[in-house]
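> Take a look at the following structure, please.
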Amino acid sequence: MTREEAPGARDIAVVAFAQTDHRRTTDEVSEVEMLMPVLHQVLERTGLKAADIGFTCSGSSDYLAGRAFSFTLALDGVGAWPPISESHVEMDGAWALYEAWVKLRTGDADTALVYSYGKSSPGSVRDVLTRQLDPYYLAPLWPDPVALAALQAQALIDAGATDEPALAAVGARSRADATANSHAQLRGSVSQGDYLVRPLRTGDCPPIGDGAAAVVLAVGERARELCERPAWIRGIDHRIEAHGLGVRDLTDSPSARLAAERAGAYERPVDTAELHAPFSSQEVVLRRALGLDETVRVNPSGGALAANPIMAAGLIRIGEAAARIHRGESDRALAHATSGPCLQQNLVAVLEGDPR
Amino acid sequence: MSKEPVAVVGVGQTKHVAARRDVSIAGLVREAARRALHDAELGWADIEAVVIGKAPDFFEGVMMPELYLADALGAVGKPMMRVHTAGSVGGSTALVAASLVAARVHGTVLTLAFEKQSESNAMWGLSLPIPFQQPLLAGAGGFFAPHVRAYMRRSGAPETVGSLVAYKNRRNALKNPYAHLHEHDITLEKVQASPMLWDPIRYSETCPSSDGAVAMVLTDRAGAARAPRPAAWMHGGAMRSEPTLFAGKDSVSPRAGRDCAADVYRQAGIADPRREIDAVEMYVPFSWYEPMWLENLGFAAEGEGWKLTESGVTELDGDLPVDMSGGVLSTNPIGASGMIRFAEAALQVRGLAGEHQVEGARRVLGHAYGGGSQFFSMWLVGAEPPAS
C-alpha cells in the first residue's frame, strides 16, 4: 500500500531540483565542494534556507569514496548547525528521497532536502562494483558490472528481444537528446566503438563520471508556495530481487513491474519516462517490463548513457522528470532508479503536475 | 493526519561473540531475523518490507551488502532499504522502519542491524587517511579520551566513576545470555587494575569487538492486537545531527543529543525524564559516557551525572537502571549496537528481559550515538499504547 490509499494521506511534491555538470574527473574538488553549489542552487530555487528544512536525507557509498563514514563530511556542506533532523542511506539518492517521502507522510516534517553524490574517478569503478557481489561465491571471481550487463544483453538477443543495431540506436538517441542537457557528460554523436564485453560496445555503456544532485520536497499548500507547478508524487515504490543471477530471468524485471504497479504507473498512461538504465540493453528490459510504448518520451535528458554519477543517477531521474513537469513539458511522468547487478533492485515514482 | 501507533512485537538477537566462524554474514542476519519472527509468531510472508542497517561497509569488505542479503532475509519481491548513520545506525534503522508503519505505508516491517567484525579489521576500516582531516590513528578511544578529560575537569568527578560503570555493566552482562563478555570473575579491583589505554580510559572500560545481529518486527495497531506476547509501544523517536568538529562544539554534551532527547520527550509527553522514565539502554562504548550522557539526556543537571552513578542509582536494582543488558561495554557489533539498545528497551517494557528485567519497567529509553558524538537517535517505548 504505497500509493495514496491511506485515508488523509498528505500530498507531497518535488518542488526543486539541481545537479552538477557531470565530468570524467573532479580531482580539484572534494565531495563537499562538489555538493555545495548544488545545495545552494536547490535551496535558492525555493527561497528556503537550510535551517527552514524539516528533514534532510542523503545517499552515497563509502566504497566510492574509499573511506569509512565518508558521508559525515558531506554533511558539513549542509551547514548542520543548529542540529538538524537528518538521515542517510548507503544507496542511490532515489532511496534517500523515498525515506524523506515516508518521513513527510508521518506528518513530522513539511519540507525535506534530499541529496546524493558520487565520485567514480578516484578508482576503477568496474573493479569497485565487483565488491557489492556475494562476498563468498561471486566477488572472489571479480565479475565486473559490464560483464554482468553483457550477460543480460546476450540473453535479450538470444530471446529475440533486441539486436546489436537496436542497442546502438538506444545509445545514439540518448546522446542526441543529451545535446539539450548542459549537465550531461556525453553529448551529440558518440562512436559506438569496439566491443567492451560482447555483445556490448562502448556506446552501449555509460560514461564513468563524478556528480551530485539535490531535490527539495514539500507537502500540500507549502509545495504550491514554493513552486509554480509542483511535481506531485502520486505513488512511489521499490522492490528487490534475488541476488544470484542464476535464479533470475535476466530478460525481465519483475521488481520494476511490481514497483510500477504499486506506484500506480499503470492506472493511466505517462507521457515521459526517465529510466535509470546505465546500459542500452537495460532500457530494453525496462521498456518491456514497464509497458512503455513509442508514445512515451524516454530519457529526454539523455539518461544514464549520457551521465551516470553512481549514487546520484537515480535521484537525477526523479529530478529530471520533476523538472519537466515544473516547466510544463510533462503532465504525468514515470521516474525509475536501479541498484545492484543487472537491475536487481528498482524504484518507480509517478509524478504529476496540476491539470492545465 | 494522525500517525499510526507503532508496536514492537518481535525481538531476536544472536549470541554475540568475538568471531562467528560457523556462519556467513547471511547466516548471521538470518539467525536474528528468525528469532524475531519466532517471538512475533509470524512467517516471512507476513513481512511487507525490510529495513537493514550497519556501520561502514569497510568493516566486512562488502559494498552495499543488503543486495546480497536480500535472499537470506526473505526480501525478494519486497522493498528493502539500507540505512547508514555511523554508530547511531542501529537506532536510525529502527526509526526508518517505524516511520514506514507510522505513515501507514506498510503494516508489518522487519528491521535488522548487524556487524561481523571478524570478517575484517574495524581499526583498519576507521583509519584510512582522509585528505585535509586530522588523522584519528589511535582509534575511537583516542578520539574520545580528551572529551572524557574535559568532562572530569568540568564536573569535578572523581577518577573512580569510570570503573564503577564498567564493573556494573559487566555484572549486568552476566545476566544476559546474549551478551558477548561474560566475565564471571569480575571485581571492581580488576577493572581498576586493568591497563591504561588512553588516559583516563582503561582496558576494562572499553567495549569489545563483536560479531552479532539484532532484529525487530514492527507493526501497526491491528498487528499488535494479533501478537501472541505483549507489545512495546513507541511513544517518541528522533534523530539529530551536527558536524564532528567546529568552533564552539560542546563535545562533552553535544547540542544534537540534547535536542534529540527533548524532541523524544515532547512526543512522549515526558516533562521530568528522571521521574517519568524507568530505565535507560544507553550507548556507552567507554564507561565515562554513562555520567556524560545522563546529563546530556536530561536525567541529571550539568556536572551532576557522576553522582547518580556513584550513588548506585544506575545499578540494575537502582532507581534509574542504565544498561541492564550489559550495554555496549559488554557487546559491540558496531552497526547493531544502537538497535540492541532499542530492542533491549522494548524487551524491558514487554517484561521479557529475563534475568536482567527491571521490575515494573513501563517506560524505557533506547539511545544511540555515532561519529565524533555527532549523530544521535533515540526512542522511548512504553508498555501501554500512546495516548493520542
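Any read-out appearing in this document is the output of simple, stated calculations on the displayed coordinates, not a laboratory observation. Quick caveat, the model's predicted, so the values are computed rather than measured. Note that we place each Cβ from the backbone using ideal geometry, even for glycine, and neighbour counts take in every protein chain shown.
> Which chymotrypsin sites (Phe, Trp or Tyr not before Pro) in the stretch B:47-130 sit in a loop by DSSP (not H, G, I, E or B) and have at most 16 other Cβ atoms within 10 Å of their own Cβ?
Working: sites: B:PHE58, B:PHE59, B:TYR68, B:PHE114, B:TRP124; in loops: none.
In loop regions of the stretch B:47-130 (DSSP not H, G, I, E or B), there are no sparsely surrounded chymotrypsin sites (Phe, Trp or Tyr not before Pro).
> In a GNM of chain B with a 10 Å cut-off on Cα contacts, which of B:GLU304, B:GLU315, B:GLU115 has the highest mean-square fluctuation?
Among B:GLU304, B:GLU315, B:GLU115, the largest GNM mean-square fluctuation belongs to B:GLU304.
> Still on this model: Per residue, how much space in cubic angstrom lies within the convex hull of the C-alpha atoms of the stretch B:1-143?
In the stretch B:1-143, the Cα hull volume divided by residue count equals 140 Å³.
> Kindly provide the Kirkwood hydrodynamic radius of the stretch A:45-172 in Å, to one decimal, from all pairs of distinct alpha carbon atoms. Spell out each step's value before the answer.
Values: mean 1/r = 0.0565 Å⁻¹.
Hydrodynamic radius (Kirkwood, Cα pairs) of the stretch A:45-172 is 17.7 Å.
> If you add up the charges near B:ARG240, with Lys and Arg at +1 and Asp and Glu at -1, over every other residue whose beta carbon is less than 9 angstrom from its beta carbon, what do you get? Please list the in-between numbers first.
Values: positive: B:ARG255, B:ARG258; negative: A:GLU86, B:GLU242, B:ASP259, B:ASP263.
My count for the surroundings of B:ARG240 gives -2.
> How high is the relative contact order of chain B? Use alpha-carbon pairs under 8 Å, at least six apart in sequence, and give a whole percent. Before the final figure, lay out the partial values.
Details: 938 pairs, mean separation 99.4, N = 388.
26 percent.
> Just tell me the longest site-free run in chain A, where the sites are chymotrypsin sites (Phe, Trp or Tyr not before Pro) in a DSSP loop having at most 15 other beta-carbon atoms within 10 Å.
Details: sites that count: A:TYR136, A:TYR137, A:TYR266.
Longest gap between qualifying sites, sites excluded: A:1-135.
> Computed over the Cα atoms of chain B, what is the ratio Rg over Rh, Rh following Kirkwood? All intermediate terms of the calculation are to be shown ahead of the outcome.
Numbers: Rg = 19.3 Å, Rh = 20.5 Å.
When Rh is taken as the Kirkwood radius, the ratio is 0.94.
> How far apart, in nm, are two points set 7 Å out from the Cα along the Cα-to-Cβ line at B:ALA387 and at B:ASP185?
5.3 nm
> With charges only on Cβ, +1 for K and R and -1 for D and E, what is the dipole size of chain B about its Cα centre, in debye, rounded to 20?
Values: 36 positive and 42 negative charges, 92 e Å.
That gives chain B a dipole magnitude of about 440 debye.
> According to a simple spin-label model (label point 7 Å from Cα along Cα-to-Cβ), what is the distance in nm between B:MET196 and B:LEU245?
Result for the modelled spin labels: 2.5 nm.
> What Kirkwood Rh does chain A have if only Cα atoms enter the pairwise 1/r average? Answer in Å.
Result for chain A stands at 20.1 Å.
> While we're on this one: Once the dipole of the stretch A:197-352 is set up with Lys and Arg at +1 and Asp and Glu at -1 on Cβ about the Cα centre, which of A:ILE208, A:PRO341, A:LEU351 lies farthest towards its positive end?
A:PRO341
> Also: Hey, could you grab the Kirkwood Rh for the stretch B:1-69? Inverse mean 1/r over distinct alpha carbon pairs, Å, one decimal. Spell out each step's value before the answer.
On the way: mean 1/r = 0.0706 Å⁻¹.
About 14.2 Å for the stretch B:1-69.
> Starting from the amide H of A:ASP11, placed 1.01 Å from N in the peptide plane, find each other amide H under 5 Å away whose residue is 5 or more places distant or on another chain.
Result for A:ASP11 returns A:GLY220.
> I would also like to ask the following. Give me the net charge for the shell around A:ARG327: Cβ to Cβ below 12 angstrom, other residues only, Lys and Arg +1, Asp and Glu -1.
Values: positive: A:ARG229, A:ARG324; negative: A:GLU228, A:GLU320, A:GLU329, A:ASP331.
Net of charged neighbours comes to -2.
> Need the C-alpha centroid separation for the stretch A:302-316 versus the stretch A:202-234, integer Å.
The two parts, judged by their Cα centres, are 12 Å apart.
> Roughly how far apart, in whole Å, are the Cα centres of the stretch A:329-346 and the stretch B:370-388?
If you average the Cα positions of each part, the centres end up 34 Å apart.
> Excluding B:LEU352 itself, what net charge comes from residues whose Cβ is under 9 Å from its Cβ, given Lys and Arg +1 and Asp and Glu -1?
Once all neighbours under 9 Å are counted, the net charge is +1.
> Follow-up. When the helix-only estimate is applied to chain A (DSSP H runs of n ≥ 4, each -39,500 (n - 2.57), divided by the residue count), what is the mean residue ellipticity at 222 nm, nearest 500 deg cm²/dmol?
Values: 11 runs with 114 residues, N = 356.
About -9500 deg cm²/dmol.
> Evaluate the charge dipole of the stretch B:1-61 about its Cα centre and quote only its size in Debye, nearest 20, assuming +1 on the Cβ of each Lys and Arg and -1 on the Cβ of each Asp and Glu. Let's see the in-between values first.
Details: 8 positive and 9 negative charges, 56 e Å.
Charge dipole, the stretch B:1-61, about its Cα centre: 260 debye, nearest 20.
> Under 13 Å between alpha carbons, and skipping anything fewer than 8 positions from B:LYS15 in its own chain: which aspartates and glutamates qualify?
Within the straight-line limit of under 13 Å, B:LYS15 reaches these aspartates and glutamates: B:GLU31, B:GLU115, B:ASP211.
> Moving on. Towards the positive end of the charge dipole of the stretch A:7-163, with charges on Cβ (+1 Lys, Arg; -1 Asp, Glu), say which of A:GLY66, A:TRP142, A:GLY79 has the farthest Cα.
A:GLY79
> In addition: Work out the FRET efficiency for B:TYR203 and B:GLU302 from their Cβ-Cβ distance, taking R0 = 35 Å, and round it to the nearest 0.05.
Rounded to the nearest 0.05, the efficiency is 0.75.
> If you don't mind, there's one more thing I want to ask. Roughly how big is the stretch B:30-103's charge dipole about its Cα centre, with Cβ charges of +1 (Lys, Arg) and -1 (Asp, Glu), in debye to the nearest 20? All intermediate terms of the calculation are to be shown ahead of the outcome.
Working: 6 positive and 9 negative charges, 21 e Å.
So the dipole magnitude of the stretch B:30-103 works out to roughly 100 debye.
> Right, next: In whole Å, what three semi-axes, largest first, describe the equivalent ellipsoid of the stretch B:153-286 built from its Cα gyration tensor (square root of 5 times each eigenvalue)? All intermediate terms of the calculation are to be shown ahead of the outcome.
Values: eigenvalues 196, 119, 43 Å².
Ellipsoid semi-axes (Å, largest first): 31, 24, 15.
> Work out from phi, with θ = phi - 60° and the Karplus expression 6.51 cos²θ - 1.76 cosθ + 1.60, the ³J(HN,Hα) of each residue of the stretch B:91-106, listed in order in whole Hz, and give x for Gly and Pro.
So the Karplus estimates, Gly and Pro as x, are x, 4, 4, 4, 5, 5, 4, 5, 4, 4, 6, 4, 7, 6, 7, 9 Hz.
> Counting pairs of Cα atoms in the stretch B:229-388, how many percent are more than 22 Å apart? Working shown, then result.
On the way: 4484 of 12720 pairs.
Summing the P(r) tail past 22 Å for the stretch B:229-388 gives 35 percent.
> When a footprinting reagent is the concern and you count Cβ atoms within 10 Å, what order do A:THR338, A:THR251 take, fewest first? If you can, show how the numbers build up before the last one.
On the way: A:THR338 26, A:THR251 20.
Listing A:THR338, A:THR251 from fewest to most nearby Cβ atoms yields A:THR251, A:THR338.
> Here's something else I'd like to know. Quick one: Cα centre-to-centre distance for the stretch B:69-125 and the stretch A:137-171, in angstrom?
For the stretch B:69-125 versus the stretch A:137-171, the Cα centre distance is 31 Å.
> As a test of the formula, what do you get for chain B when each DSSP H run with n ≥ 4 contributes -39,500 (n - 2.57) and the sum is divided by the residue count, at 222 nm and rounded to the nearest 500 deg cm²/dmol? Don't skip to the end; give the middle numbers.
On the way: 14 runs with 134 residues, N = 388.
Using -39500 (n - 2.57) per qualifying helix, the result is -10000 deg cm²/dmol.
> Right, here's the next one. If you project the alpha carbons of the stretch A:108-193 onto the principal axes, what extent comes out on each, in Å, largest first?
50, 44, 31
> Over 54 Å, how big is the tail of the calculated P(r) for the protein assembly as shown, in percent of all Cα pairs?
Working: 20028 of 276396 pairs.
Above the 54 Å cut-off, the protein assembly as shown has 7 percent of its Cα pairs.
> Farthest toward the dipole's positive end in the protein assembly as shown, which of B:THR160, B:THR111, A:ALA260, given Cβ charges of +1 (Lys, Arg) and -1 (Asp, Glu) about the Cα centre?
A:ALA260
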